[in-house]
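Working notes, beginning with the structure itself.
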Amino acid sequence: MDPRIIPRSEHPISRRQIDPDALKVLYRLNRHGNTAYLVGGSVRDLLLGLRPKDFDIATDARPGEVKRLFRNSWIVGRRFRLVHVVFGKKVVEVATFRAKAEVEEPEGEAAPRGEPDGAKEDGDGGRKLLVTWENTFGTPEEDARRRDFTINALFYDISSYSIIDYVGGLADLEDHAIRTIGDPDIRFQEDPVRMMRAVKFAARLDFRIEPETLEAIRRHAAAISLSAPPRVLEEIYRLLGSGRARASFDLLHETGLLEHLLPELGPVLDQEPELFWAYLEELDRLVAAGEEAVPRAVQMAVLLYHLVREQVTGKPPAGNALGDQVQEIVRPLALRLRLTRADTARIIQMFLAQRRLVHPKGRRFSVSAFVRRGYFPGAFQLFRVHAAASGEGRQEIRRWSERVRAALGESDPPVLKGEEPGSRPGRRRRRRRRRSRSSS
């Protein structure tokens with residue numbers, strides 16, 4: 001099938017919009033007789049007038065050939081080898097055109113749990129699919145057709161400055177539609193995480209998911225529980241940190257994905273949905289403002305806060321009862337989501353700190369020591385989200401701002417601007433260096 005080719009005079013992408021290091025890679029590949037395209041999300045975003053986060057490249061050069069052209073590069077990957085061309089802290093990813101994997105009906109057991117692109121029987125008794133990923137190089141058209149959505153399969157050809165479209169992505173960009181390449185039932189069974197990616201792009205770009213793709217997500221929503229937890233967690237974090245968390249989780253809820261990702265939130269959405277959405281809207285405001293970092297542990301704490309809100313803002317229980325209650329709620333969920341131990345501990349600490357922020361008085365309680373805790377910046381950030389979303393505790397925000405200033409002796413301490421939870425405001429203790437024992 002011949003692609004649709006849009007010449008330079010008929011599209012808005014200019015080389016001035018492309019990262020100069022990505023241009024260096026494109027030009028060098030092209031000068032050495034290789035086809036070299038800018039691919040995927042960068043082409044999509046440039047056509048929409050957005051600034052891409054990454055500039056990925058596809059070429060007909062094999063990984064070893066790319067490595068020989070760039071001394072500042074590394075070959076990575078096991079299933080399919082890629083080349084990372086390094087420019088300081090920046091990485092330009094170069095992939096060889098790749099053929100689509102074959103889809104098979106496995107004999108006996110379904111694909112093992114956790115395989116990135118395998119699929120088991122879906123929740124409705126659908127057929128089992130097994131994707132066999134071979135390190136098979138392909139043509140530009142094969143590479144385009146193996147991608148997930150039409151808007152992510154556009155190429156920018158550095159040799160002619162034209163846009164190449166094999167799958168109708170340009171029409172879907174104009175129509176603001178998210179559409180799978182090929183049968184959505186098959187594509188979501190091949191890799192259920194694609195359903196979360198559809199939600200991500202629809203929310204981030206303010207696009208609609210076209211009806212056939214949307215209905216397929218609803219049919220296969222239960223299959224998301226078969227995906228590798230680390231991949232699912234990464235997508236959850238991307239949704240939370242996108243500045244469009246409210247729209248993203250609204251779509252997860254509408255498609256039925258949320259009840260399989262986080263069934264614990266079901267009662268929250270039944271009993272106080274407006275407050276739940278208000279928290280995510282406030283998180284979006286913080287992320288979009290860009291005035292302060294919102295670490296991942298804080299993002300997750302905002303999402304899960306409703307599960308512990310009554311415990312941490314109500315009347316303080318005796319002894320260590322609160323800590324036990326919070327851990328009983330958070331740890332099983334963290335284990336299932338595969339949160340890191342550090343993030344799990346930090347989320348629990350931030351939740352427990354809410355009690356002190358609401359009830360600051362108590363025996364043996366030192367404000368000065370409290371605000372110097374490593375978790376305090378994140379806890380205070382969470383408290384501010386709670387106050388803005390619920391309208392509760394706004395007076396305490398002002399009081400605590402004054403307490404922090406007084407305790408740290410600064411007019412505008414970083415902790416009040418959302419400093420990273422892992423850092424300790426104020427004076428740091430110097431570690432004592434161990435003396436090496438000389439052998440006798």
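A few notes on this one:
- Solvent-accessible surface of the stretch 189-296, taken per residue with a 1.4 Å probe and all protein chains present: 39 Å².
- Note on residue 137 and residue 281: their simple-model spin labels are 5.4 nm apart, each label 7 Å out from Cα toward Cβ.
- Hz values of 3J(HN,Hα) by residue in the stretch 297-305 - Karplus curve (6.51, -1.76, 1.60), Gly and Pro given as x: 4, 5, 4, 5, 5, 4, 5, 9, 4
- Taking amide H as placed 1.01 Å from N in the peptide plane, the amide H of residue 209 sits under 5 Å from that of 178, each at least 5 places away or on another chain.
- Solvent-accessible surface (1.4 Å probe) assigned to residue 90 amounts to roughly 70 Å².
- The distance separating the Cα centre of the stretch 275-301 from that of the stretch 1-54 comes to 33 Å.
- Distant-in-sequence amide H partners of residue 56 (H built 1.01 Å from N, under 5 Å): 39, 42
- Amide H contacts of residue 87 (H built 1.01 Å from N, in plane; Pro and chain starts excluded): 92 sit under 5 Å, all sequence-distant by 5 or more or on other chains.
- Whether the stretch 190-236 is rounded, prolate or oblate, judged on the alpha carbon gyration tensor where a/c under 1.5 counts as rounded: oblate
- Förster radius 35 Å - calculated FRET efficiency between residue 99 and residue 250 (Cβ-Cβ, nearest 0.05): 0.40
- Whole-Hz ³J(HN,Hα) from phi, Karplus 6.51 cos²θ - 1.76 cosθ + 1.60, for the stretch 256-270, glycine and proline x: x, 5, 5, 5, 8, 6, 9, x, 4, 7, x, x, 5, 5, 6
- Here the stretch 168-271 is assigned +1 on the Cβ of each Lys and Arg and -1 on the Cβ of each Asp and Glu. Its dipole about the Cα centre then comes out at about 320 debye.
- Surface composition of the stretch 149-190: carbon and sulfur make up 48 percent of the accessible area, probe 1.4 Å.
- Residue-level accessible surface for residue 335, protein heavy atoms, 1.4 Å, Å²: 130 Å²
- Remark: the stretch 184-198, residue by residue, has Karplus-estimated 3J(HN,Hα) of x, 4, 5, 5, 7, 6, 4, 8, x, 4, 4, 5, 5, 5, 4 Hz, where x stands for each Gly or Pro and the curve is 6.51 cos²θ - 1.76 cosθ + 1.60 at θ = phi - 60°.
- Prolate/oblate/rounded label for the stretch 235-375 (Cα gyration tensor, a/c 1.5): prolate
The values are calculated or read from the model by the stated rules, or taken from the named source; none is laboratory data. Bear in mind the structure is a predicted one, so any value in this text is a computation, not a measurement. Note: ideal-geometry Cβ built from the backbone for every residue, glycine included; neighbour counts use all protein chains shown. Ligands, DNA and RNA are excluded from the accessible area calculation, which covers all protein heavy atoms including side chains. Shrake-Rupley method; radii C 1.70, N 1.55, O 1.52, S 1.80 Å.
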